[in-house]
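Since the structure comes first, as structure tokens, the remarks are kept for the end.
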Amino acid sequence: VVLIDPDSHCIADVNATATQMFRASRESIIGRPCHGLICPAAEGQCPATDLGQTIRRAQSEMLTVTGETIPVLRTVTRIVPTPLE
């Protein structure tokens, strides 16, 4: 699981499985832009936020911090936080 801020396209959080897949520590991933790190799309060409595509179980590739590509099934879901009462 990777949480990405849709406005900045920066990685907000990752789970342990994602850090293993990226071959990097959580601290070295959080705050980095998703393009060029986990997504091969160029800046401004994000399929979900910039191009408005719905992504459900799409075959894709993820980039590791070493530049290696790994095949993945990608699902993108927008999460809208609810205000605390």
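When Val72, Val80, Val65 are checked against the criterion of being exposed (fewer than 10 other Cβ atoms within 10 Å of the Cβ) and of a type outside the set (D, E, K, R), Val80 stands alone in meeting it. Of all the residues in the range 18-40, those that are under 19 Å from Thr75 (Cα atoms), touching a residue at least 12 places away in the same chain (Cβ under 8 Å) and open to solvent by 20 Å² or more (accessible area, probe 1.4 Å) number 5. Within the range 48-74, no residue that is closer than 13 Å to Gly36 by Cβ sits with its Cβ atom under 7 Å from a residue that is open to solvent by 90 Å² or more (accessible area, probe 1.4 Å) and of a type in the set (Phe, Trp, Tyr) at 6+ positions apart or across chains. Apart from one condition, Glu43 fits all of (1) surrounded by 13 or more Cβ atoms within 10 Å (Cβ to Cβ); (2) in contact (Cβ under 8 Å) with a residue 24 or more places away in the chain; (3) charged (D, E, K, R); the exception is (1). Taken across the range 43-55, residues that are polar (S, T, N, Q) and not in a loop (DSSP other than H, G, I, E, B) do not occur at all.
The values are calculated or read from the model by the stated rules, or taken from the named source; none is laboratory data. Owing to the predicted nature of the structure, the values given are computational and were not obtained by experimental measurement. Virtual Cβ from ideal backbone geometry, glycine too; neighbours counted across all protein chains shown. Protein only, heavy atoms only, side chains kept; ligands, DNA and RNA dropped before computing areas. Shrake-Rupley method; radii C 1.70, N 1.55, O 1.52, S 1.80 Å.
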